[in-house]
Amino acid sequence: MPLPLDLVFAQRVALASLFVFDARADLDEDSRALGPNNYRLRGGGANSNRGFVAGTLGVGLDGGTRRWETSLELRVPIGQSFVVAGFADFGDVSRDGPFRFNHLNTTLGYGLRYHTVIGAIRFDVGYRVRAWQRTDGSNGIEPEANELLFSNTPGAMHLTIGDPF
């Protein structure tokens, strides 16, 4: 959505479900419950919840069967080629049952984009807000949570090519 002074407000919402109706008996327990490893849903990373390393949102690298994500971003141009952005990302990946909308997994952050002929070169830093991780009262961070360099703040940094959405 374009705003005055060439500001841009962008929003993205995503819902995904994976349903496994039948599986071979000789498969491992995770594959029988969640489906083949390469089809499982995962979240986190440069084009998802930017406070998490790719694939570690919610249940983690093993993946899940339910995923929801939303992102809000305000983009402020600086000259012809640079853009500064502030963002808020929310989302979760779970293994079974309904979507866990009470697991917000909130990330606040900022980014810098340099537009080139091949696309935007983008650097984003996402901070996981400890108090806003979940609304079910367990507002902690997972024990294996990644931390930003030079601090004990949970989050992630991403250097990529292309806009997040």
Any idea which of TYR114, TYR127 is at pLDDT 90 or above and either touching a Lys or Arg at 6+ places or on another chain (Cβ under 9 Å) or not aromatic (Phe, Trp, Tyr) (or both)?
TYR114
Please go through (1) at positive phi; (2) open to solvent by 30 Å² or more (accessible area, probe 1.4 Å) for GLY35 and return the number of the only condition it doesn't satisfy.
(2)
Pairs, first touching a residue at least 12 places away in the same chain (Cβ under 8 Å) and more than 15 Å from VAL84 (Cα to Cα) in the range 117-134, second of a type in the set (Val, Ile, Thr) and open to solvent by 70 Å² or more (accessible area, probe 1.4 Å), C-beta under 8 Å, six or more apart
ILE118/ILE161; GLY119/ILE161
Quick test for you: out of PHE99, PHE52, PHE9, pick the one residue that is crowded, with 21+ Cβ neighbours inside 10 Å and among the aromatic types (Phe, Trp, Tyr).
PHE52
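The values are calculated or read from the model by the stated rules, or taken from the named source; none is laboratory data. Keep in mind that what you see is a predicted model, and the values were worked out from it rather than measured. Ideal geometry is used to build each Cβ from the backbone, glycine not excepted, and the neighbour counts take in all protein chains shown. Note: accessible area is taken over every heavy atom of the protein model, side chains too, but ligands, DNA and RNA are not part of it. Shrake-Rupley method; radii C 1.70, N 1.55, O 1.52, S 1.80 Å.
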